[in-house]
Amino acid sequence: MAVFRKIHTSFWSDTFVQDLDNDHKLFYLYVLTNERTKQCGIYEISKKQISYDLGYSIDRVSKLLKFFIDNGKILYSEITKELAIKNWNKFNGSTSPKVVSCVKSELSNVKDTLLIQYVNGIYTASQEEEEQEEEEDCVSNETKPTKISFEERQQRFLDWFNDRVLFHKGKLGGFTILSKTTQGNLKTILKNNYTGEQLNKAFSNMYNSKWVKETNNCTPTHFLVIDNFQRYLNQDSSSGNVVHTNIELN
């Protein structure tokens, strides 16, 4: 299969691109066309490699990644060193059986599955996934270790979230239920086994963000949206203190 990437002619007339300076335009083109890109729109690349290819410092690369993450164009996992491109399938999708097979193979090797949800859109738990989870819960304790139910983990999350709101605001958050869509987003995060430290960091960055301070929208719904969670997790914590409160969801 030939290795090439499509850049639509409208790229240069896009209002977002037109407002970029030369460094940002070069970086965006590099993200879309470098030799490590994959047909699925998610690929592994380190900041060190980007620095080497473009001749930028690591600090400059970090700032450029943050800019495009904040503008909803890409998502980058600091843990797995994987990068996902938003709307990749819009310009690079194909119904060719060979391409479809290639994409499935590449997606099976993606380490941070939140990136798959990012490329394909906001996660919603499918009926098939829910049925699979129900089947897993029915496996006897003799063949599978005891597993905490999703309802229990959901309650632990809500208790933790309310404690964090209490710490920052001096009053209880009072959140007692999650919508079906938000439950789906929580399930995705649980599947990726994020640590309590990572959840605390993401929460603190969300709470200290300019948007939350202006809107006062410090809610589980906003926090668990896949794009939001990854963006807050990948931000530096210099804007506010990361205060650790214990959380054990698995």
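The values are calculated or read from the model by the stated rules, or taken from the named source; none is laboratory data. Just so it is clear, the model here is predicted, and its values are computed rather than measured. All Cβ positions, glycine included, derive from the backbone under ideal geometry; neighbour counts span all protein chains shown.
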Fill in: Search result, residues across the range 58-72 that are exposed (fewer than 14 other Cβ atoms within 10 Å of the Cβ) and either in contact with a strand residue (DSSP E or B) (Cβ under 8 Å, 6 or more places away or on another chain) or touching a residue at least 60 places away in the same chain (Cβ under 8 Å) (or both)
Asp70, Gly72
Item to complete: Collect the residues in the range 154-177 that are surrounded by 16 or more Cβ atoms within 10 Å (Cβ to Cβ), modelled with pLDDT under 85 and aliphatic (A, V, I, L, M), keeping them in residue-number order.
Response: Val165
Worksheet item: Looking only at the range 6-57, which residues are loosely packed, with under 15 Cβ neighbours inside 10 Å, in a loop (DSSP other than H, G, I, E, B) and in contact (Cβ under 8 Å) with a residue 24 or more places away in the chain?
Response: Lys6, Ile7, His8, Glu35, Ser46
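Based on what the data block shows, is Val100 surrounded by fewer than 16 Cβ atoms within 10 Å (Cβ to Cβ), over 15 Å from the mean Cα position of the chain (by Cα) and either without any contact (Cβ under 8 Å) to a residue 12 or more places away in the chain or over 21 Å from Thr9 (Cα atoms) (or both)? Walk me through it before giving the result.
Details: surrounded by fewer than 16 Cβ atoms within 10 Å (Cβ to Cβ): yes; over 15 Å from the mean Cα position of the chain (by Cα): yes; either without any contact (Cβ under 8 Å) to a residue 12 or more places away in the chain or over 21 Å from Thr9 (Cα atoms) (or both): yes.
Against the criterion (surrounded by fewer than 16 Cβ atoms within 10 Å (Cβ to Cβ), over 15 Å from the mean Cα position of the chain (by Cα) and either without any contact (Cβ under 8 Å) to a residue 12 or more places away in the chain or over 21 Å from Thr9 (Cα atoms) (or both)), Val100 qualifies.
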